[in-house]
Amino acid sequence: MFGVYNLKDLSIKKGELDLKVEAENGFYSYIRKMGDSEVRKIILKDAEVCLNPVEPVNLPKNITNYLYIGFKNPVLIAPVSSAEVYTTFPIEIGVIIRRENVYEDIDVFSFVNPKFALYGEPRGGVIGRYWEGEVFGKIPQVDPLREGILKLTILNLSHNWCEVSKAVFDVYGMEIYYNEKVVSSIAEMRIHSKRVADTSFVDEPLLNNMKKSIGLYSAKLLPMLSTKFTMEWGV
């Protein structure tokens, strides 16, 4: 389903999703029906349409730019060591029109319902898009319309064993890649103590034959803005 389409040829039915474009009165009507919701927009000129996974913090509206992944089973990591694990993150799909190399997002939808949770204290903490993910030792098989794969390198810089039960990320630095079978992102967690760590994303594909998604947040990123997030309320 992910890929680039001619606007006038766009027609997709997948489960409860019915997405199409109809030509009428010299214009184009973008129509997306999903469950009880319906989105209709008029597009005045023909264009290319890109359907690809985007940063999973856009629904139901822009509440947060943090992704909060809670692990179903905590991970124990030895002192002064590193490990690579795989977990998952929720998929949101952006509909982006392109004409003369100018992009505009016109719709975002998802096959999973968004949840939110507070990381940290009520006054100083952050609200994150919450997702419960399992931890795997190798790349898992998942439904790419619902779950992406996050490759996470954990570096324990402390001299203690550390138990990791969560990871919080600033999606301004998130880079997503995809092919027909897999959606992925790569990240790193650097643990400084049993309570403090920082996280960041790495701009690399998980596999060789993957395309880079057009992100909704990367275009808004100021050059001086740090995308590292410091977890101060426990890992």
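No value in this document is a laboratory result; all are computed from the given coordinates. The structure presented is a predicted model; accordingly, all values stated were derived computationally and were not measured. Note: ideal-geometry Cβ built from the backbone for every residue, glycine included; neighbour counts use all protein chains shown.
Structure summary
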quantity: Inter-site label distance for LEU44 and LEU207 at 7 Å from Cα along Cβ, in nm; calculated: 4.2
quantity: The chain: antiparallel DSSP beta bridges as a percent of all, rounded to 5; calculated: 85
quantity: Over the chain, relative contact order from alpha-carbon pairs under 8 Å, at least 6 apart, %; calculated: 19
quantity: Label-point separation, THR230 to SER200 (7 Å along Cα→Cβ), nm; calculated: 1.4
quantity: Computed over segment 112-235: relative contact order in percent, which uses C-alpha pairs under 8 Å that are six or more apart; calculated: 25
quantity: Mean separation of Cα contacts under 8 Å (6+ apart) over length of segment 17-70, as relative contact order %; calculated: 21
quantity: Ranked by how many other beta carbons lie within 10 Å on average, peptides 14-23, 36-45, 129-138 from highest; calculated: 129-138, 14-23, 36-45
quantity: Of TYR172, CYS162, TYR119, farthest towards positive along the dipole that unit charges on Lys, Arg, Asp, Glu beta carbons give segment 101-183; calculated: CYS162
quantity: Segments 165-171, 110-116 sorted - mean Cβ within 10 Å per residue, highest first; calculated: 165-171, 110-116
quantity: Charge tally in the Cβ shell below 14 Å around SER158, where Lys, Arg are +1 and Asp, Glu are -1, SER158 excluded; calculated: +1
quantity: Cα-Cα over 29 Å, subset of LYS33/LYS72; LYS20/LYS181; LYS61/LYS166; LYS14/LYS212; calculated: LYS33/LYS72
quantity: Within segment 3-231: Cβ-based charge dipole about Cα centre, in debye rounded to nearest 20 (Lys, Arg +1; Asp, Glu -1); calculated: 300
quantity: Aspartates and glutamates with Cα under 12 Å of LYS194, excluding same-chain neighbours fewer than 8 positions away; calculated: GLU163, GLU232
